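Beneath this line is the structure, given in structure tokens, with notes to follow.
Just so it is clear, none of the values below were taken in a lab; they were calculated from the coordinates. Bear in mind that the values here come from a model prediction, so they are computed numbers and not experimental data. Neighbour counts run over all protein chains shown; Cβ positions are idealised from the backbone, glycine included.
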Amino acid sequence: MATEKKDQEISFEQALARIEEIVKSLESGQAPLEEEIGLYEEAVRLTELCSKKLKDAELKIRTLQSGETQEAPSC
Amino acid sequence: MPVARNILTVGDLNQFVKSLLESNPYLGNLYVRGEISNFKNQYLTGHLYFSLKDAGGVVGAVMFASYASRLSFKPEDGMKVMAHGRVSLYPKTGQYQFYIDDMQPDGLGALYIAFNALKEKLEREGLFDPSRKKPIPYMPMHVGIVTSETGAVIQDMKNVFSRRFPLTQLTLYPSLVQGQGAAENLSRGIRYFNAHPELADVIIIGRGGGSIEDLWAFNDESLAREIAKSRIPVISAVGHETDFTICDFVADKRAPTPSAAAELAVPDQADLFANLQEYTTRMRNALKKSLDSRALALKRFAERPVLRSPAAAWNEKAMQLDHLQDRYRHALDAHMQMRQTGLRSILSRPVFQNPGAMISPGRDRLQSLSDRADQAMRSRISQRLQHADHLKKQLDALSPLGVLQRGYSLTTDSSGRVLTSVQNIRPGDKLTVSFRDGRAVAAVEQTEKTAGGKTSDGN
């Protein structure tokens, strides 16, 4: 599904920011009901995505090699 | 005896010498090197009392608790120290004393003075100003670390990042952290991340605990300037809680230890999970509120009589009519009653009671008048009742229920629309036929138009 593909690409921070946006929008109660339910569904999906990303995350650390840290001759 | 010209009290003398000592700028700000003896820690107040001595002599020394609490080592007898402070006199004993505000084990004396000199210089330049400090991002996805590749520090930091926010990508710039070339190496690390900002939303620079010489690279002036120049926020984490370096002052944030720096750099995933939970709760509440308010609006709408049932409007009219009839009947009864009571009271008067014959004709006449009035009233009421009945019959005839009562039926399509024409009906369509006492669902087998039938175009 298109939305799922979109969700895969969204970053954790983007998802979190979107959830915060939706919470505010729902709390303002301005949108039509159908839209509100759509937003809620989106937020639930993003919440699951965030939780999954956090749970599945494994810390990545890269140690720079001496070849990389050579400075270009100062200009 | 000399003239008592310059006779002072002891107290005055001591005060005078004290003010002399305190007015000398050199004595107000100096370093003294010596060995601690007679060390006494006043546990109650926290003030330290001792002597500083060397081959040339002894001087009393005081270090008040507020300064003593900042010492990064434990002073004791026999220890050689370099102390900074001012000279004054204690009037109670008449002894002059060295009032110490800072102290380092000797041997570090030169470093210590250099440290203070650099600190003052950079401070004057404004490099430590709070207004220069860049905020640390709340959720850095990339953290650059400049420290030793070996040792516990990087391992400790990795553990903290794993526990708190494992989504962060760490990049380690391995650097010497002490000795020859360390300061330059650390500076290159800061430069490297500024040249590759995609690798670091925040930089942590640091090392584990050690002696003041071990930490010395972090007091380097060019490193301090490199940190001040960094466009990426820098967290400094050098040694232990009590160790302060120039790096700490110039960095955007000082962490007491490298592990603490990792804690400062990223949010805790436990908090993030809690936030997500809270958001979900808030959204549910908002949505529930929204649904409730709409359901209430709908309920109010549905409660309008015309929508409650198809016959409701008609029923109401019928009820009004019934009510009207009741009022008529009641009015009739009341009228009759009034008439009769009124009559009785007139007839019971003595004049009517006694010489009956005399007034009898009058009585008869009265009775007849009364009867006529009754008659007229009755017939008027009866007319109205008949009219009301007629109206009710008309309403009955108009009511859909009335029509069904008479053997007609009502046909609706699947969406509930009443069908008035054969047009638009196709074989196979499901129709609902409503009767007086129920409904039947029927399938259309075939349709045909009545010859000459008008197909009124409904919807």
Bounding extents of segment B:57-154 in its principal axis frame from Cα atoms, largest first in Å, are 64, 35, 24
Neighbour-count ranking for B:L215, B:L122 (other C-beta within 10 angstrom, fewest to most) reads B:L122, B:L215
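Which pairs break 28 Å Cα to Cα here: B:K121/B:K229; B:K80/B:K253; A:K55/B:K289; A:K52/B:K133?
B:K80/B:K253; A:K55/B:K289; A:K52/B:K133
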Per-residue Cβ contact counts at 10 Å, fewest first, order A:I61, B:I204 as A:I61, B:I204
Expected vector for segment A:44-52, Karplus 3J(HN,Hα) from phi with 6.51, -1.76, 1.60 and θ = phi - 60°, integer Hz, x for Gly and Pro, equals 4, 5, 5, 4, 4, 4, 4, 4, 5
Filtering GluC sites (Glu not before Pro) in segment B:185-230 by DSSP loop and by at most 16 other Cβ atoms within 10 Å leaves B:E213
Taking B:F115, B:F273, B:F218 and counting other beta carbon atoms within 10 angstrom, the fewest-first order is B:F273, B:F115, B:F218
Interchain or sequence-distant (5+) residues whose placed amide H lies within less than 5 Å of the amide H of B:L431 are B:A442, B:A443, B:V444
